[in-house]
1. Only one residue in Asn98, Asn37 is assigned by TED's automatic domain parsing to the domain that holds Ile205, of a type outside the set (Lys, Arg) and either over 40 Å from the mean Cα position of the chain (by Cα) or at pLDDT below 85 (or both), so which one is that?
2. Taking the stretch 278-303 as the search range and keeping residues that are modelled with pLDDT of 85 or more and not small (Gly, Ala, Ser), which one is farthest from the chain's Cα centre (by Cα)?
3. Tell me which residues, restricted to the stretch 275-328, are crowded, with 17+ Cβ neighbours inside 10 Å, polar (S, T, N, Q) and in the same structural domain as Leu495 (by TED's automatic domain parsing).
4. Hey, does the stretch 151-168 have a residue that's among the charged types (D, E, K, R) and out of contact with any Phe, Trp or Tyr (no Cβ under 6 Å at 6 or more places or on another chain)?
5. State whether the residues of the stretch 93-101 include one that is out of contact with any Gly (no Cβ under 9 Å at 6 or more places or on another chain), crowded, with 18+ Cβ neighbours inside 10 Å, among the polar types (S, T, N, Q) and part of a helix (DSSP H, G or I).
6. Look through the stretch 411-454, keep the residues that are assigned to a strand (DSSP E or B) and charged (D, E, K, R), and return whichever of them is modelled with the highest pLDDT.
7. Do we find that Asp331 is exposed (fewer than 13 other Cβ atoms within 10 Å of the Cβ) and in contact with a strand residue (DSSP E or B) (Cβ under 7 Å, 6 or more places away or on another chain) in this structure?
8. Inspect the stretch 143-155 for any residue being over 32 Å from the mean Cα position of the chain (by Cα), at pLDDT 90 or above and surrounded by fewer than 23 Cβ atoms within 10 Å (Cβ to Cβ) and give the result as yes or no.
Amino acid sequence: MSDLFQLSNLGTADFDSGGGVGDPSSLNTGDLRRKYNFGDRVSELAIPQDPFFRFVSKVGKKPTDDPQFKWTEKRDSWHKRYAYVVAFNSGGSVEVHNSELDDSSSGSAVAEGGTVQLYMATDYKSQGNMQNIYGQSGNQIDVGATGTRPEFFLPGQLIKVPVRAVATATYGTTGYHIVKVTNVETSDLTGNMGADNDNAECKLITGTVIKKASDNELASFVLDTGFETGGTQSNESYSKSISEQLENQRSYVIGTAHDEGSGYPETWKDQPYSTNYGRTQIWKTSCAMTNTARATSLKYDSNEWARVWKEKLIEHKFDIESSLLFGAQSDDNYTTQGVVDYVSTFGNVFSLDTATKTADDFLDDLSNYMDPRYNNSTANVFFVGTAVYNWMHKLGGYFKNNLEVSANFRADFAMTGKKKIMGVDITTFSTPYGDMNVARNIHLDGTNVKMLGVNMKYAAYRPLIGNGINRDTSVYVGVQTLENSGIDRRVDLILTEAGLELSMPECHAMWT
């Protein structure tokens, strides 16, 4: 028995393939006369189609009038006035192995009032204040690498130098020295600086110790940083926790102190700007329909053209969503940047095995990603695949469902509610680092990407609009004559030309 409606083609009536035109047996009259007790409606599967595209097009649409658009990022420097002590002067010789700080003139252990000379280097670029990003080995910036010289040190500053107990090989400090800077000069350190930076760009700081802690071993010389071992290790600060490890080794400027009537001090100027560029991509979806099919009234969807047109619009948006997630920028192939490719190349990268990852481990990841020195925005949306979506609900719901005593006692990681934002289902999880807005995105299923943390403040959809022409979802209509038929049919084309702009890579993250 044939199907009554052949929705796979443009036909509108069933027929018997055994007959021909004019043959009484060509029409399957039994099927045409039977009602089959058809209902009044058709069930339609509704799926979350394009959560990421919906967000960027609704809250981050910034038209561009050039298919290759540029943008500027600004990174402030006031909280980055830190450096690592990579060597010091001990009685006229440069010490990089002996980690206990000596007086620069005597070579013996320094005391309050003593003079020290410290070689200071850092791990971010002065131009643009570009820093290491957690998990990005390909964009690693070594301590003392080219372009990292700490230009902010000035005479009259006070510097906090962290120290620890002698012969302690673990992270952590037991106190700090305070050094008042009396002189600053450029003096690079050559050799014995670890596998990744044998020639370190430094500033040589001369200063007076005005407070000395009881311990005297420099905290910068932790055994796995490579500063002290003479070339056997690398300075992989991109893989260290900022709060637990790197901060323990950093010497910060903590203010200035000048004599009465000393006049104007020296100054410095940073360069906080960096630029990047993107390009637009052209998406096309065609739709065709014969006038005969358009003029035929059918059951359920009476207007076949309207049904197909609606489906093509959804298909078009679905393609844009996939491109904005997984695309890679190419000027030769006219493709825009996808958020997965961008974050995997420039953003924070963490691992997530739902079989072994605990809530504590996940909160450690959040502490690095949501560090207020680099990313304190509340505009983060976390797009997750189905497996991670379930995993988060299991973690967040276990305490509430099994251990909660009352509403006044809850877990640090807990599901607190659900809501809709611009038509997208959002689950809210409460964490010590603020609420997580989590959206399930089925496009991530079956990929290595388990979670995307996108700061929507730094994500934009850039449609090409200029000179009175709008290429943001334009529609072109034409009439085409089929060869050897003489039948006219309507041909429509849905066209979009736009690109994705992602900036501040340290504000985006990926769990794989």
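1. Going through Asn98, Asn37 in turn, the sole match is Asn98.
2. Looking at residues that are modelled with pLDDT of 85 or more and not small (Gly, Ala, Ser), I get Asn303.
3. Matches in the stretch 275-328: Ser323 only.
4. Within the stretch 151-168, one or more residues are among the charged types (D, E, K, R) and out of contact with any Phe, Trp or Tyr (no Cβ under 6 Å at 6 or more places or on another chain).
5. no
6. The selected residue is Arg440.
7. In short, yes.
8. yes
The values are calculated or read from the model by the stated rules, or taken from the named source; none is laboratory data. This structure is a prediction, so every number in the text was calculated from the model and none was measured. Every residue, glycine as well, gets a Cβ built from its backbone with ideal geometry; the counts of neighbours run over all protein chains shown.
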